[in-house]
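Heads up: the structure comes next, in C-alpha cells.
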C-alpha cells in the first residue's frame with residue numbers, strides 16, 4: 001500500500017511538472033532574452049565543454065546602432081573582427097544597404113571537433129536569421145551554442161561599429 005501511494009505521489013508530481021513546461025516553437029527561436037535549443041542533441045552541451053548541461057541563455061551582446069548612412073544607399077560589405085573562443089574562431093561579414101542589414105555570412109565558425117562542427121552547422125543559420133530580424137548585433141543567444149552566439153554577436157558588432 002505504501003508503494004502504491006509513493007507511485008501515485010510521483011506520478012502526480014511528474015504530471016504537475018509537465019503541466020508547467022512550456023513547449024518551444026518549431027523553429028527553435030524563442031521570444032525575449034532566452035532562446036530554446038535548436039534540437040535536443042544540440043542542447044546537451046556546448047561542443048567541447050565536456051559537461052552534460054550547457055547554460056540555456058546568456059545576456060545578448062549590447063545593441064549597436066547602425067551607421068548613419070542614407071536609407072536605400074549603395075550596398076556594401078564589412079568584415080567583423082575574428083573573435084577567439086575556447087572552441088574556435090568566429091568571424092562574420094555583414095552586407096548593408098543604407099541602414100538595413102541585407103545579409104550576414106559566417107566566415108569562420110568552430111569546426112575542429114565533430115561536436116563543434118555540428119553545433120556551428122545548426123546555430124549558424126539560426127544566428128543569421130536572428131540578425132536579419134533584429135537588424136542589429138542585439139541577438140538572442142542560441143542554447144547549446146552560447147560561446148558561438150556571443151562571439152558571432154561580438155564580430156557583428158565590430159563590423160557595424162567600424163562602419164560609422
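The values are calculated or read from the model by the stated rules, or taken from the named source; none is laboratory data. The model shown is predicted, which means the values in this text are computed figures rather than measured ones. Methodologically, a virtual Cβ is constructed for each residue, glycine included, from the backbone with ideal geometry; neighbour enumeration extends over all protein chains shown.
Just give me the residues in the stretch 104-123 being out of contact with any helix residue (DSSP H, G or I) (no Cβ under 9 Å at 6 or more places or on another chain) and more than 30 Å from residue 75 (Cα to Cα), in sequence order.
Correct list: 112, 113, 114, 115, 117, 118.
Looking at (1) modelled with pLDDT under 85; (2) buried (at least 20 other Cβ atoms within 10 Å of the Cβ), can you tell me which one residue 45 breaks?
(2)
Name the residue that is surrounded by the fewest Cβ atoms within 10 Å (Cβ to Cβ), counting only residues in the stretch 110-121 that are farther than 14 Å from residue 92 by Cβ and more than 13 Å from the chain's Cα centre (by Cα). Give the derivation first.
Step one: filter the stretch 110-121 for residues farther than 14 Å from residue 92 by Cβ, giving 111-119, 121.
Retained after the next criterion (residues that are more than 13 Å from the chain's Cα centre (by Cα)): 111-118.
Numbers: 111: 16, 112: 12, 113: 13, 114: 9, 115: 20, 116: 21, 117: 15, 118: 17.
Here the residue is 114.
Looking at the stretch 122-158 only, could you name the residues that are buried (at least 24 other Cβ atoms within 10 Å of the Cβ) and within 12 Å of residue 94 (Cα to Cα)?
Of everything in the stretch 122-158, those that are buried (at least 24 other Cβ atoms within 10 Å of the Cβ) and within 12 Å of residue 94 (Cα to Cα) turn out to be 137, 152, 153, 155, 156.
Please indicate, with yes or no, whether at least one residue in the stretch 80-96 is at pLDDT below 95, more than 16 Å from the chain's Cα centre (by Cα), surrounded by 13 or more Cβ atoms within 10 Å (Cβ to Cβ) and over 15 Å from residue 157 (Cα atoms).
The answer is no, given that none of the residues of the stretch 80-96 is at pLDDT below 95, more than 16 Å from the chain's Cα centre (by Cα), surrounded by 13 or more Cβ atoms within 10 Å (Cβ to Cβ) and over 15 Å from residue 157 (Cα atoms).
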